[in-house]
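What follows is a single structure, written as structure tokens, with notes after it.
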């Protein structure tokens, strides 16, 4: 038996997109995978013609993700595309020092207790980025992205402070869609062709279009974002995804 | 049964392009789809060799669009390409304030009643963009497009006023072709690989070539337009499209 | 029966490139098409491995072109690539005023009769661009092209006068090859992925290489030309093209 | 029998990525290859859907590598991608003169014996780059890369000294990951589409992501690096790789 | 019978790359082709997975090249890629005037007889470029290339003198590898997607890597070269190439 290939922090994340031929036992294989501790999987019917069905799966063990992929492949799900990434913290989130400075600057007279609450909130936020629980929504949208490295627009030549300032504005747009959009950003540098994967969950397709469109005007995207293919799918139980695919 | 995945405003739009193998019952499936309230579909024989046949379908429900796509796929229509978008209003159309200022500047002595007529006309125009009725023409042309985001030509770094001024000139070219060309622009940011889809309907192929060529000199296209593949098709009833495809 | 989809001026042009499986009756179908009034077709064996055989067909009716394409497709000719365009006049050719000014500047004492001759010659030239007769040569070369729209080299941001001046130089190179090369430029903006198609006919492959190489130094190509795939073929009767393809 | 095609210095390196159909005897063929003197091979299960399995093989003889590739191809391993390169020394490593100058500048009073030790260490390092022993790890990551040659960022227009200075900074990042990451850079200019291949070995996927991400901020990568597809795999014995692939 | 399509000067050159299924009689067909006057062919086993086997064939007659290609295609060799070009002289080689000036500048007192010897040598060189004899080596490397036409690096906007000066430096690097590398440059502008094809013959793979790497620092390549896919193969007799491919 193969041993686990463990991710030292966070989760391994696998997005798969298939043509569906004859998914004998595929729904059961996905259910088995998702029943293990610390493992999750959602399936979706891919809109448009580039693929029939898709999967997003999380595990602390890359070997478990690979065995699932190969098992499904052997059951008549032909790979069309995929993305391999890891959950990760953002390096640009505010620090405790940032927050204390902000509170002091506001003349807050209860800095310490507010800071304690902030720390608890941030700890929950970080836990959720590294060990997320996939939400129950009707729609999933996924796209990979990188930052530009060209003369005149080179993200990787900016200082940390410049990048952090740019990312804060980006975060503000994201927070406007709280409740309508749940977003998970995972890191793929060195593991897949793009540097990050962005997965959005929503019930209303207009919300997906609106948030990505609005973010495009933010300098982080306008000047430094390069986007890969966009996949949109209807989240449905595996058996419905596969039967709908005509198999 | 799957529940509807509703578009909160406007319509979901699905363009599909296929190789045709053996379209058993495909024409009937399309007719059934198009018979539902608020749903429309037109089919076309694709010119050239990239695909045999194509479909443009509208629905308030993405789930209904997906079920149609998967049903046709299972009936011997193999997907070659596709585009998923939503109808949307233009953010750059003149406002009531713009129009009042224009009338006042012209020294018009009947601003109020003219403004009322203008409002009615605009309301119809907006209704038509969000809830269009596909016209009865001989030709369809479709292409996806995005706006550039490169050093020296970054649409998303322009101010709203700059973009609005540029779009007004663009609209003037469009209006020259009123009657010869019917144009529908739908939004796809976050949903598909390009930011917009442009669908043109016409009877004369020269009109399609002329409008797209003339618009290319407009700064909006000349400097900021990036265009994807261009598809041209002959609009025909589904059974003729499929029988012509040799199936 | 489908009705004609007529081109209001000029001819519809279809380039097709195929893998050949079992072209049952394909040569006859092409002959039937070419026997109709105002319709022409030439076939060629494609050099290299990207396709086996190709067709260039002209008709005033896009529907007739589409029926031919689908008919051949159903006869074991699998599409590899294609190009859809329309014959068109150049917008940059000299006007009667240009020619009169030129004659006057040369001190010509017989401007009127020379202008009449010029007008007749130009009328023939225009007729030939819109309604060409495909020549009888041994070789065909085809490539699609567009003009650049990038910061620093944007054809569509130049004035008409600048573009006309640049095109005149381009024409001079073309005329040096009169007799050795017959060239047909057709327009595809809005209809296919590139803005123009260039079709060259010659007997000597060196002439094709020389004219395209020499033109590349002309600023129109050097700075503003973007070129798609180049296809070269041996013009042969349909039955020889198909039997050579091993079918 | 074909004679050897020998690499005059270093080793020939072949990366292969396959779809696996029915690998009859493939594991045995790989074992036979790897049992020969100076030959090595490792196999891996490819993460994601772009390929099922992969191989990295080294030999002093390109003919032996080619016979292995063709033998495996004939055994039901269908090629998806590949990379051909040679091991090579870096031209930018410090010279004895560099090291002596450094020691003298530090005021070292035992330059000669330290230089002798340095020479021994460098000799081992060079031997290892030209004649590496593939390590025993759980993960392999491979990506090809080139250096930019564009206006404003042209690596090949820099002087040797400028390039050497840039590469030294790059090396410093690499050394931070000593123990967690083993890296092998091989040269492919003139042999394959990219100029170099980078192969990383690790046990923790986070280490792969971290080193490639951190290096991206180094000017060598930020300004001059162009990266091809990234492949990640789980290193496993051939029989396990092939049985997992469902064959 | 088809008549010859003759190249008025030089030879037609066809590079073909195949997947090999069942090459019944392919080796014999190649031998027959190569037995004709003025025709040559070499075959090779392609390194890596992009193709199984390749051919480089020369003929004064494009029709003969096409008949060979189609014949082999019908014998179970499926085309993967190809390149069509013509042998040609370099336009940048030194003229007799250049050489006389050089000799005079050197104060040579025997200019006339040295010029005669130079003329004889150059005549042989030119004959060899137009009508080459393919050498007997172990390795072949092929890549297509073009010159850049972008703002800031436009080869075709340079004067002839600037281009000639740049090419002379390029030639000096080439001469350093005399004996280790035999190079043939053929022209493809207007005939194939790239402007030139470069074919290298060598016994040592390190020599191929070294010459292409060293040339990349030459401004002609560093600033103006755009390179297509690189193919490397082991030169072997046709029957060995095909049997090795597992067919």
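Can residue C:107 be described as touching a strand residue (DSSP E or B) at 6+ places or on another chain (Cβ under 9 Å) and on the phi > 0 side of the Ramachandran plot? When the stated conditions are applied, residue C:107 does not pass them.
Only residues that are farther than 18 Å from residue A:14 by Cβ and assigned to a strand (DSSP E or B) were counted in segment A:215-233, giving 4.
Residues that are over 21 Å from residue E:91 (Cβ atoms) and touching a strand residue (DSSP E or B) at 6+ places or on another chain (Cβ under 9 Å): does segment C:168-182 have at least one? The answer is yes; a qualifying residue exists. Does any residue of segment C:154-165 turn out to be buried (at least 17 other Cβ atoms within 10 Å of the Cβ) and within 24 Å of residue C:14 (Cβ to Cβ)? Within segment C:154-165, not a single residue is buried (at least 17 other Cβ atoms within 10 Å of the Cβ) and within 24 Å of residue C:14 (Cβ to Cβ). Taking segment D:71-87 as the range and being within 7 Å of another protein chain (Cβ to nearest Cβ), closer than 17 Å to residue D:27 by Cβ and surrounded by 19 or more Cβ atoms within 10 Å (Cβ to Cβ) as the test, only D:73 passes. When segment D:166-185 is filtered for residues that are touching a residue at least 40 places away in the same chain (Cβ under 8 Å), surrounded by 13 or more Cβ atoms within 10 Å (Cβ to Cβ) and touching a helix residue (DSSP H, G or I) at 6+ places or on another chain (Cβ under 9 Å), the ones remaining, listed by number, are D:166, D:167, D:170, D:173, D:174, D:184, D:185.
Checked against (1) within 14 Å of chain C (Cβ to nearest Cβ); (2) touching a residue at least 60 places away in the same chain (Cβ under 8 Å); (3) farther than 19 Å from residue B:200 by Cα, residue B:27 passes all but a single condition, namely (1). Residue A:46: in contact with a strand residue (DSSP E or B) (Cβ under 6 Å, 6 or more places away or on another chain), more than 23 Å from residue D:54 (Cβ to Cβ) and within 14 Å of chain B (Cβ to nearest Cβ), yes or no? Against the criterion (in contact with a strand residue (DSSP E or B) (Cβ under 6 Å, 6 or more places away or on another chain), more than 23 Å from residue D:54 (Cβ to Cβ) and within 14 Å of chain B (Cβ to nearest Cβ)), residue A:46 qualifies. On the stretch given as segment D:208-241, residues that are closer than 22 Å to residue A:6 by Cα and crowded, with 20+ Cβ neighbours inside 10 Å total 14.
Total residues in segment D:49-61 satisfying the condition of being closer than 30 Å to residue E:207 by Cβ and within 14 Å of chain A (Cβ to nearest Cβ): the figure is 1. Against the criterion of being on the phi < 0 side of the Ramachandran plot and either surrounded by 24 or more Cβ atoms within 10 Å (Cβ to Cβ) or more than 14 Å from chain E (Cβ to nearest Cβ) (or both), residue C:38 does not qualify. Residue count for segment C:234-247 satisfying the condition of being touching a helix residue (DSSP H, G or I) at 6+ places or on another chain (Cβ under 7 Å) and assigned to a helix (DSSP H, G or I): 4. When B:226, B:212 are checked against the criterion of being touching a strand residue (DSSP E or B) at 6+ places or on another chain (Cβ under 7 Å) and either on the phi < 0 side of the Ramachandran plot or without any contact (Cβ under 8 Å) to a residue 12 or more places away in the chain (or both), B:226 stands alone in meeting it. Annotation: residue A:22 fulfils all but one of (1) more than 21 Å from residue A:234 (Cβ to Cβ); (2) touching a strand residue (DSSP E or B) at 6+ places or on another chain (Cβ under 7 Å); (3) within 14 Å of chain B (Cβ to nearest Cβ); the unmet one is (2). With respect to the stated conditions, residue E:64 fails to be in contact (Cβ under 8 Å) with a residue 40 or more places away in the chain and either within 14 Å of chain D (Cβ to nearest Cβ) or surrounded by fewer than 19 Cβ atoms within 10 Å (Cβ to Cβ) (or both).
Taken together, the values in this text are just the output of simple stated rules run on the coordinates, not laboratory data. These figures come from a predicted structure and were not determined experimentally. With ideal geometry, Cβ positions are generated from the backbone for all residues, glycine too; neighbour counts draw on all protein chains shown.
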